[in-house]
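As structure tokens, the structure follows; a few thoughts come after it.
The values are calculated or read from the model by the stated rules, or taken from the named source; none is laboratory data. From a predicted model like this one, the values you see are computed outputs, not experimental measurements. All Cβ positions, even for glycine, are placed from backbone atoms using ideal geometry, and neighbour counts span all protein chains on display. Surface accessibility is based on the protein's heavy atoms, side chains included, excluding ligands, DNA and RNA. Shrake-Rupley method; radii C 1.70, N 1.55, O 1.52, S 1.80 Å.
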Amino acid sequence: MERQTMTVKEVADYLGVHTDTIYAMAKSKQIPHLKIGTRILFTKESISLWIQDQEYTNLRI
């Protein structure tokens, strides 16, 4: 079974930003995430939907 979650590092690499940026965005609830204990994880589906939403939001500006 394929893993459905991504780590902070994986999301940072995918988006081309630093891990500190992802931690800050998660802390301020700017990016969808879930916490399991002290770990911050992201579902692939929620990140894909979030990216689409960001693209749509930027088109409306």
Pop out the carbon and sulfur fraction of the accessible area of the chain as a percent, whole number, probe 1.4 Å. 55 percent
For the chain, the per residue accessible area (1.4 Å probe, Å²) is 78 Å²
Within the chain, which GluC sites (Glu not before Pro) sit in a loop by DSSP and count at most 16 neighbouring Cβ atoms inside 10 Å? Glu2
Quick check for the chain: number of Lys pairs with alpha-carbon distance under 15 Å, counting only pairs 8 or more apart or on different chains? 4
Which longest run of the chain has no exposed loop site in it, a site being trypsin sites (Lys or Arg not before Pro) in a DSSP loop with at most 15 other beta carbons within 10 Å, and the site itself not part of the run? 30-61
Taking Cα pairs closer than 8 Å and at least 6 residues apart, the relative contact order of the chain in percent is 33 percent
